[in-house]
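First the structure, in the form of structure tokens, and then the observations on it.
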């Protein structure tokens, strides 16, 4: 081969080498750009996960807040009713005693008027959630729902350790006892 051909070959080889290096550099740049994009995508997806978690927690806290305030509002109304009901219970008792005394007299018109007012008061209170605790002679005594005033000798063996008499009625407001029934136990 001639010198010229050798030089041409060398030139071609150099050009090929330069082209290869250029392509290799381009490939490396593309790979590094891809790697940077992948890292950014991973970083952004982590941030999205973190923000989503924060959002879900905040949403759950808000739901709990709504439930708690709703419960507190209901409790507030029930305790306000409880105070009013507790104040009205002695008046209800007085009406019952007054009606019992009027039944002994001959004045039916006065008795009917008194019973009308008593029933109206009783119905109004029951509409607001007041319930009479039904307790009868012979029921079992439960210290959690009854208040024992005294013990007397049991009139019969069946009444030993049981309720003999109810001195004062007990009342519930919803499921809460606002006044325990006062009872006499058989001994």
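One table, with the values for the structure above:
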item	result
Among 43, 131, 66: highest mean-square fluctuation, GNM of the chain, C-alpha pairs under 10 Å	43
Spin-label pair residue 14/residue 57, simplified geometry with 7 Å Cα→Cβ offset, distance in nm	6.5 nm
The chain: radius of gyration and largest Cα-Cα distance (Dmax), Å	44.9, 153
Nearest-0.05 FRET efficiency for residue 143 and residue 115, computed from C-beta distance (R0 35 Å)	0.50
Net lengthening on full extension, residue 128/residue 99 (0.36 nm per residue, minus Cα-Cα)	8.1 nm
Contact order normalised by residue count of the chain, Cα under 8 Å, 6+ apart, percent	15 percent
Degrees between helix 3-102 axis and first principal axis of the chain (Cα, 0 to 90, nearest 10)	10 degrees
Top of 15, 58, 159 by mean-square fluctuation, Gaussian network on the chain, Cα under 10 Å	15
Residue with peak Gaussian network fluctuation, the chain [Cα springs, cutoff 10 Å], from 67, 104, 35	35
Rule-of-thumb Rg ratio for the stretch 130-187 [Cα; 2.2 N^0.38 Å; N residues]	1.10
The chain: antiparallel DSSP beta bridges as a percent of all, rounded to 5	70 percent
Length gained when the stretch residue 187-residue 38 is fully extended (0.36 nm per residue, less Cα-Cα span)	45.0 nm
Residue-averaged 222 nm ellipticity for the chain, from DSSP H runs of 4+ at -39500 (n - 2.57), nearest 500	-24500 deg cm²/dmol
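Any read-out appearing in this document is the output of simple, stated calculations on the displayed coordinates, not a laboratory observation. What you are looking at is a predicted structure, and each value in this text was computed from that prediction instead of being measured. With ideal geometry, Cβ positions are generated from the backbone for all residues, glycine too; neighbour counts draw on all protein chains shown.
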